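Single-structure report; data block below.
The values are calculated or read from the model by the stated rules, or taken from the named source; none is laboratory data. Since we're looking at a predicted model, the values are computed, not measured. FYI the Cβ positions are ideal-geometry reconstructions off the backbone, even for glycines, and counts take in every protein chain you see.
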Amino acid sequence: MLRLLIFLIFLADFSLCQDPKVTFEDYFQFGKNEYTERNWPDCVAFMKRAIDDFRQYQDDVVSCRRKCNRQIKPATSSSPKIAKFHETSETALCLLRCRKDMFGDHQSIKKMSVYHDLEERKPYQYMHICYYHQGELAMAVQSAYTFLVANPDDKDIKQSLNWYMNRDGYSDDMLIDMERKDHEAKFINGVEAYDQQDWGRCVNEFESALEKSIIQDEKCRLLCQDKIDWSVVDGNPEIDILLASMRASVIRCEHNCLYKLARINGHYVGHLFAAHFEYLHFCHFKMQRGAEAAQTVANYLLFDDSPLMRRNRYFYGKQYKKNELFTPSQEVLDIYRRRDLEARFLEFMEKRFVVKDGELPPEQADDRNPLSLDIHVEDNFPYEQIPSLMTSSECKILRSALDTRERDGFVKELEQRVKLWPNSSYSNVTCGSPVREAQCSRAIVFSAEHNDCGEWLGKWFNGCAVVFCDEKKIID
């Protein structure tokens with residue numbers, strides 16, 4: 001009798017899992033219900049099913065959108081508006097048919113809040129407790145860590161993970177992110193190869209990581225096409241007002257994809273593509289691939305004009321003596337152009353559509369101008385001025401053991417010369433034989449030594465040097 005009862009329960013659960021009407025939204029709620037009932041095995045089972053179904057849903061949505069983007073022939077730029085409207089209609093019809101094939105009669109999400117919960121890895125917030133109550137410490141740690149990676153400021157999960165770390169049987173090997181993407185794994189491998197000075201592997205891993213990052217960015221962008229902020233719809237607005245707000249919310253989601261992807265193992269690495277190039281240029285240089293190192297520096301400088309990378313550009317320029325080597329790759333130029341145009345569009349929407357005290361901003365001439373499509377990628381930094389920033393006698397003033405009036409006066413003058421970086425400011429003059437690190441993230445360091453006066457140094461240096469800090473905020 002007991003075996004029959006167990007079989008019937010299994011059969012009911014299996015039937016539920018096969019029911020196409022049951023989606024990740026339902027499984028997530030079932031899991032929460034079992035958590036409340038302290039039914040730990042079913043809590044885990046339903047949460048895992050919710051995660052799997054959510055991944056499948058996203059993959060199916062991306063597949064439909066790729067298919068329709070590929071099949072629908074775009075209207076030409078010179079086509080009348082009605083032709084572009086027709087293109088949109090064809091795309092809509094294609095998507096409706098594809099989604100019908102994929103999801104049947106259950107194409108829409110009932111609550112977007114549940115979708116966001118799955119994106120933010122909320123099932124793992126429950127699963128780590130359910131696993132622990134089943135006596136599965138390793139899976140509890142993995143679940144807690146997986147949630148922490150996406151929610152690094154969550155105090156409760158930090159406290160839980162610290163508690164697990166003090167249990168008998170805990171091992172650091174349990175700290176596994178079960179949602180780690182391919183581009184993250186490759187990036188982490190690349191950093192490991194860099195630290196081990198395995199330059200060939202470093203290049204291979206980072207180039208693969210970059211390729212996978214581009215693929216993930218495309219997938220994220222496709223998933224943004226239904227991320228519409230309906231809160232802006234008030235009353236019965238004009239269709240152009242409605243469309244402008246809808247497009248802005250989608251483009252904002254697309255533009256933010258790189259920010260989401262740039263959280264590697266729970267740590268934000270800055271601009272994701274620039275982070276790849278920061279490692280790649282040095283690994284290429286160590287393998288004596290001058291052309292690749294130069295192009296990688298040029299790729300980096302599209303996204304961030306870091307003084308430290310400009311110093312590398314200056315160093316490579318003196319070594320290779322071919323300015324044409326510092327030309328960004330076409331693929332990276334295309335990515336930069338798209339992001340730059342998106343940023344211009346979003347800036348216009350965010351500044352010109354702000355309602356304060358019931359009023360829009362005063363009308364400006366730019367309100368009626370087309371979006372500027374001019375993209376400037378030339379590196380116009382005056383590298384040739386660097387050797388003349390300081391003279392030998394001025395370096396001697398900086399090496400003075402006392403803070404004399406003459407030295408203070410020269411520092412003020414030098415600060416004006418260093419306004420090649422408009423946001424730079426003086427930090428300090430330091431002397432000593434040990435290797436030291438400049439105490440600002442965007443450091444501009446020049447040697448004050450007699451034998452290499454005025455030489456542009458890196459962030460790590462020894463001897464006498466003067467340090468400036470570039471306070472520019474990089475927003476992309």
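Data table
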read-out: Identity of the residue in region 194-244, touching a residue at least 24 places away in the same chain (Cβ under 8 Å) and hydroxyl-bearing (Ser, Thr, Tyr), that ends up farthest from Ala274 (Cα to Cα); value: Tyr194
read-out: Index of the failed condition, Lys322 passing every other in (1) modelled with pLDDT under 95; (2) within 27 Å of the chain's Cα centre (by Cα); (3) farther than 23 Å from Val250 by Cα; value: (2)
read-out: The one condition in (1) surrounded by fewer than 17 Cβ atoms within 10 Å (Cβ to Cβ); (2) farther than 22 Å from Phe103 by Cβ that Cys43 fails to fulfil; value: (1)
read-out: Condition broken by Gln159, with the remaining ones in (1) within 30 Å of Asn33 (Cβ to Cβ); (2) under 23 Å from the mean Cα position of the chain (by Cα) satisfied; value: (2)
read-out: Residue within region 211-221 that is at pLDDT below 95 and under 26 Å from Ala150 (Cα atoms) present; value: no
read-out: Enumeration of residues in region 351-397 that are among the acidic types (Asp, Glu) and in contact with a helix residue (DSSP H, G or I) (Cβ under 7 Å, 6 or more places away or on another chain); value: Asp367, Asp379, Glu394
read-out: Of all residues making up region 156-190, the number that are of a type in the set (Asp, Glu) and in contact with a strand residue (DSSP E or B) (Cβ under 6 Å, 6 or more places away or on another chain); value: 1
read-out: Residue pairs meeting the criteria (Cβ under 6 Å; at least 6 apart or on separate chains; first assigned by TED's automatic domain parsing to the domain that holds Ser249, in region 343-371; second of a type in the set (Gly, Ala, Ser) and surrounded by 10 or more Cβ atoms within 10 Å (Cβ to Cβ)); value: Met349/Ala248
read-out: Selection status of Glu324, among the acidic types (Asp, Glu), over 17 Å from Phe206 (Cα atoms) and surrounded by fewer than 17 Cβ atoms within 10 Å (Cβ to Cβ); value: yes
read-out: Val191 being β-branched (Val, Ile, Thr) and in contact (Cβ under 8 Å) with a residue 60 or more places away in the chain; value: yes
read-out: Residue match in region 140-157 (condition: acidic (Asp, Glu), surrounded by 14 or more Cβ atoms within 10 Å (Cβ to Cβ) and part of a helix (DSSP H, G or I)); value: no
read-out: One residue from Arg352, Arg405, Arg399 being loosely packed, with under 15 Cβ neighbours inside 10 Å, more than 25 Å from Ala248 (Cα to Cα) and modelled with pLDDT under 90; value: Arg405
read-out: 2 or more residues over 20 Å from Phe147 (Cβ atoms) and not assigned by TED's automatic domain parsing to the domain that holds Leu161: qualifying helices (runs of 4 or more DSSP H) within region 29-136; value: 40-71, 81-103
read-out: Residue within region 316-326 that is under 30 Å from Gly432 (Cβ atoms), out of contact with any Asp or Glu (no Cβ under 8 Å at 6 or more places or on another chain), of a type in the set (Phe, Trp, Tyr) and in a helix (DSSP H, G or I) present; value: yes
read-out: Some residue of region 87-101 being surrounded by 12 or more Cβ atoms within 10 Å (Cβ to Cβ), within 30 Å of Arg167 (Cβ to Cβ) and small (Gly, Ala, Ser); value: no
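Conditions tested, residue by residue: (1) in a strand (DSSP E or B); (2) surrounded by 11 or more Cβ atoms within 10 Å (Cβ to Cβ); (3) touching a Leu at 6+ places or on another chain (Cβ under 6 Å).
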{"position": "Leu371", "(1), (2), (3)": "no, no, no"}
{"position": "Gln385", "(1), (2), (3)": "no, no, no"}
{"position": "Ile444", "(1), (2), (3)": "yes, yes, no"}
{"position": "Gly463", "(1), (2), (3)": "no, yes, no"}
